[in-house]
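This report refers to the structure that appears directly beneath it.
Please treat every number below as a calculation from the coordinates, not as lab data. Everything numeric in this text was worked out from a predicted model, so none of it was measured. Here the Cβ positions follow ideal geometry from the backbone for every residue, glycine too, while neighbour counts run over all protein chains shown.
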Amino acid sequence: MPIEEKTVAATFAKMSEKLRDIVPAEELRYKAELAFEINQLKREKNAVILGHNYMEPALYCSVPDYVGDSLELSRQAATTDKDVIVFCGVRFMGETAKILCPDKTVLVPSPKAGCSLAESITAAEVRKLKKQYPGVPVVTYVNTYADVKAESDICCTSGNASAVVESLNTDTVLFIPDEYMAGNIARETGMNVIFPIRNPRDLQKRQADLACTIIGWKGRCEVHEQFTLQDINKIRKQFPDAVILAHPECRPEVVAASDFSGSTSGMIRYVRDHAASRYLLLTECSMADNIAAENRDIRMLRSLCIRCPHMQEITLEMTRDALLRNQFQIEVPEPIRVRAKRAVDRMLEIRGEGGAA
Ligand code: 13P
Ligand code: SF4
């Protein structure tokens, strides 16, 4: 997977095979030097680099040993025999790797790579929800911090969310923190979504609502919440042949109006396996470049291009510095890690979209 050539010139040649239509040659030459240095450091430090599908094209195509969505990268982290895991993704992803591999050094190259979903709920809020809905299982989207996972029964990713909810075989689940993903799961599973009530006097009336119900939380991804049904309608009018793919963090009406919805890797596979000539991706913008680099004969519409400010923090420079300075180390307190691991392990047992358990 990584481009590990013997000279900078060879690294540049390999990178430009994929990226010559996407990244200007001068920028690519500079990035090839960085990639070459990173691949050398990686060997010296006995490190593995995991790259999320949202990484910018030059990084995505050059240094990760594995690229993928959150579920695939969690699985890779769980099985690595390297001493150091460099997670080119955001903090919650690094935390998941640390939860699974407490003896490894886990580095996320920027301390600023957060996530609006992970910030949207605290462990104290989950404890309050559990008091309000005693006995109702808590399904937690993996885009959360370790202390929130520790309060949960099971985690899920965009690749197995509906399968996780269905695996519980209960009428009611608490699904946190993504409001829109809860709506999308409800559509797939035939459940309905409600949100926690504020007035305790309404509690009795609420009991009647609880058949086949997802109790959600109002967290949102700051990138995916920006795509609207009007956007889709305009694109369909101008480009009737475009196939529209939407991540399940998008609004339910956006997902319903798209042609396919799945995890980031699910969307990559969809493009690989179908023969449409033009695609629009309703997800983080870099992924369109990464798909275009792999599929030179298709056209990716570049309207509605929104980058995730957190993923954007991870650059080749920061990745090199992470390896050079052993930064920024992810730590999870042991009592929290042990409880969070139970929820993550249960998630890893459930099949994802790709079929792998
Ligand atoms: P995936 O698990 O589908 O890669 O999604 C992660 C994410 O943060 C999407 O915004
Ligand atoms: Fe979080 Fe959204 Fe960025 Fe994904 S794209 S890391 S959900 S803020």
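Overview of results
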read-out: Karplus 3J(HN,Hα) series, Hz, for region 261-277 with 6.51 cos²θ - 1.76 cosθ + 1.60 (x for Gly, Pro); value: 9, x, 4, 4, 6, x, 5, 4, 5, 4, 5, 4, 9, 10, 10, 5, 8
read-out: Kirkwood Rh in Å, taken over all unlike Cα pairs in region 237-293; value: 11.5 Å
read-out: Whole-Å distance, taken between Cα centres, linking region 128-149 and region 9-23; value: 45 Å
read-out: Stretch gain in nm, segment Phe239-Glu33, where the contour uses 0.36 nm per residue and the Cα spacing is subtracted; value: 70.2 nm
read-out: Solvent-free Debye scattering, log10 I(q)/I(0), computed from the Cα coordinates of region 1-155 at q = 0.11, 0.13, 0.17 Å⁻¹; value: -0.51, -0.66, -0.96
read-out: Where N is the number of residues in region 79-221, Cα Rg divided by 2.2 N^0.38 Å; value: 1.13
read-out: Nearby aspartates and glutamates by direct alpha-carbon distance to Lys218 (threshold 14 angstrom, same-chain neighbours under 8 apart not counted); value: Glu119, Glu125, Asp178, Glu179, Glu249
read-out: Relative contact order, percent, region 46-150 [alpha-carbon distance under 8 Å, six or more residues apart]; value: 23 percent
read-out: Dipole magnitude of the chain about its Cα centre (Cβ charges: Lys, Arg +1; Asp, Glu -1), debye to nearest 20; value: 580 debye
read-out: Computed [θ] at 222 nm, helices only, for the chain once each DSSP H run of length n ≥ 4 contributes -39500 (n - 2.57); value: -13000 deg cm²/dmol
read-out: Fully extended contour minus Cα-Cα distance, from Arg278 to Thr122, at 0.36 nm per residue; value: 52.1 nm
read-out: Equivalent ellipsoid dimensions for region 131-187 as semi-axes, Å, which come from the Cα gyration tensor, largest first; value: 15, 14, 10
read-out: Base-10 log of normalised Debye intensity for region 155-302 (one unit scatterer per alpha-carbon) at q = 0.10, 0.13, 0.14, 0.20 Å⁻¹; value: -0.40, -0.63, -0.71, -1.18
read-out: Cα-based reach from Lys104 at 29 Å (exclusive), listing lysines while leaving out same-chain residues under 8 positions away; value: Lys6, Lys31, Lys42, Lys45, Lys82, Lys112, Lys149, Lys341
read-out: Spherically averaged projected area of the chain from its Cα convex hull (nm²); value: 17.8 nm²
read-out: Proportion of all alpha-carbon pairs of region 255-357 beyond 23 Å (%); value: 52 percent
read-out: Dipole magnitude (debye, nearest 20) for region 145-282, charges at Cβ of Lys, Arg, Asp, Glu; value: 380 debye
read-out: Region 1-52: radius of gyration and largest Cα-Cα distance (Dmax), Å; value: 11.2, 33
read-out: Contact order relative to length of the chain, as percent, for alpha carbon pairs under 8 angstrom and 6 or more apart; value: 22 percent
read-out: Rounded to whole Å, sorted largest first: equivalent-ellipsoid semi-axes of region 92-159, Cα gyration tensor; value: 24, 13, 11
